[in-house]
Every structure is written in C-alpha cells, then in structure tokens.
Amino acid sequence: MRKYEYSNELVNAVKKFLKEDDWKYSFDENIGVFDFGLRIKSKLQKIRYLIDTQEDAIIIYGVCPIGVDCNDPEMMARMAEFFCRANYGLKNGCFEFDFRDGEVRFKSYIDCDEHIPSTKVIGNSIYCTARMFKRYAPGITDIIFAGRSAEEAVEECEKQSETELRSMVRELFGESDDGANVDEMLARLSERFGASDEEEGSSVNAEAAEEEEIRIDLFADKKGGGE
C-alpha cells in the first residue's frame, strides 16, 4: 500500500500533456510527483518544476535556481516586499518566499474536485509559471546582486512587460505609435482573455533538472508517510 494516496487519473492527465508537448521528466510513483527542468529566456536561464498530484488537486511549483541570502536581513526584507508587490493582482498563482532559507518559487493550483482538467488547463498553469519567472527575473536578480529597492524592481519589470506587449500589438495589427489605438486594443485583449497582468509566453525547452538547484524537500511529509 502506498504511503501517500493520489489520483491515477490526474497523474495520467499530467503525463498526457507532458508527452504530447514533448517534455522530458521523471515521476516518483511513491508520492505522485513529477520533476523536470525548463530553460527560459531570462537572467535566471532555468527553473525547476515539481508537479504534485493529489487526490483532488494538481499543484505546480516552479523553483528559482538562485536564492536570497537568509543571513542578510535587509535583502530578505526587500525580496519579501518585492513579492508582495508582484503578487498583487495576479489572477493565476503566486510567488512564495521561504524565510527559513531564502528559497523562491512560484505556485499554481488546479482544483480537480470531481473532474479531470484538460491538457489545455494543465499546460496553461505550467506555462504561466514560466511567464511569471520570465517577467520578474530581472527584479529578482537586481535585488540579490545589485541591491535595488523592491518598488523600483517591480516597476521596471512591469514597465518592460507593458512595452513588449505594446510592441507586439503594433506589429500584429499595424497600429500607429500615438498610443491611443494600442491602449484600446490592449484593453479589449485584457477584457477578453483576462491577461493584463501576464505577458506572452516565450518558446521554452525542457531538460532534466539538477539536484543541487533545490535547497529543501517540498515533499518531505509525503515521503515520510505524513498525515
């Protein structure tokens, strides 16, 4: 008998998406956790994914390859403020920051009570995590390596995202540079897709993650047969 119970149907749904999308991954049958790496076009370069399948939910974690110095109280405070500001208004998922060791991760939750999510829903949650890291990676690295304030770091990340989105809309629809038509188009796209706080995802390729990229075991309770 397994130490931890999870839904085989949910596991198969995740496997279906990963296989159809040509991802490389490992799966721990004892605890129902998928493990793989993902390269993104950002200063972070690569994040580690851990997908926890439960009996009625799928939880997707994207773990940052670098952490904050937990012995530097000022840096820890700036990073905590940064994620509070970044999380405000996000519609899918949130950043999490561990004050014990400075680990940074993004979490997305799929409620699967009495239904199995489609591969599109699973894929959206996986790629949302990559988009959020791509969007906020400059701020994370600026706080860790350049001592930038949280407010400045968030403003720069979101300003850059808006600039890229405007440029994409102009390229697609041939709008002028006066901003008026672009603003109207952005408002319509935001209303239709609910994507005002997310940028367009980039093309990314998966590869095996290295063990040293994660500093704590997110699933220690499951491995130990916790309640």
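The values are calculated or read from the model by the stated rules, or taken from the named source; none is laboratory data. From a predicted model like this one, the values you see are computed outputs, not experimental measurements. Heads up, the Cβs are rebuilt from the backbone with ideal geometry, glycines too, and the neighbour counts pull from every protein chain shown. Surface areas here come from the heavy atoms of the whole protein model, side chains and all, with no ligands, DNA or RNA. Shrake-Rupley method; radii C 1.70, N 1.55, O 1.52, S 1.80 Å.
At a glance:
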item: Hits in segment 63-97 (condition: touching a Gly at 6+ places or on another chain (Cβ under 8 Å) and in a loop (DSSP other than H, G, I, E, B)); result: G67, V68, D69, C70, K91
item: L172 vs. criteria over 19 Å from the mean Cα position of the chain (by Cα), of a type outside the set (F, W, Y) and either modelled with pLDDT of 85 or more or at negative phi (or both); result: yes
item: Hey, A77 at pLDDT 95 or above and either polar (S, T, N, Q) or under 21 Å from E158 (Cα atoms) (or both) or not; result: yes
item: When residues of segment 107-124 are limited to those that are of a type in the set (A, V, I, L, M, F, W, C) and farther than 22 Å from V63 by Cα, the one least open to solvent (accessible area, probe 1.4 Å); result: C112
item: Matching residues in segment 1-57 - criterion: being under 23 Å from D113 (Cα atoms) and small (G, A, S); result: S7, A13, G32, A57
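Matching residues to (1) touching a residue at least 24 places away in the same chain (Cβ under 8 Å); (2) open to solvent by less than 20 Å² (accessible area, probe 1.4 Å); (3) farther than 15 Å from R131 by Cα:
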residue	(1), (2), (3)
K41	yes, no, no
L50	yes, yes, yes
Y88	no, no, yes
C94	no, no, no
R105	yes, no, no
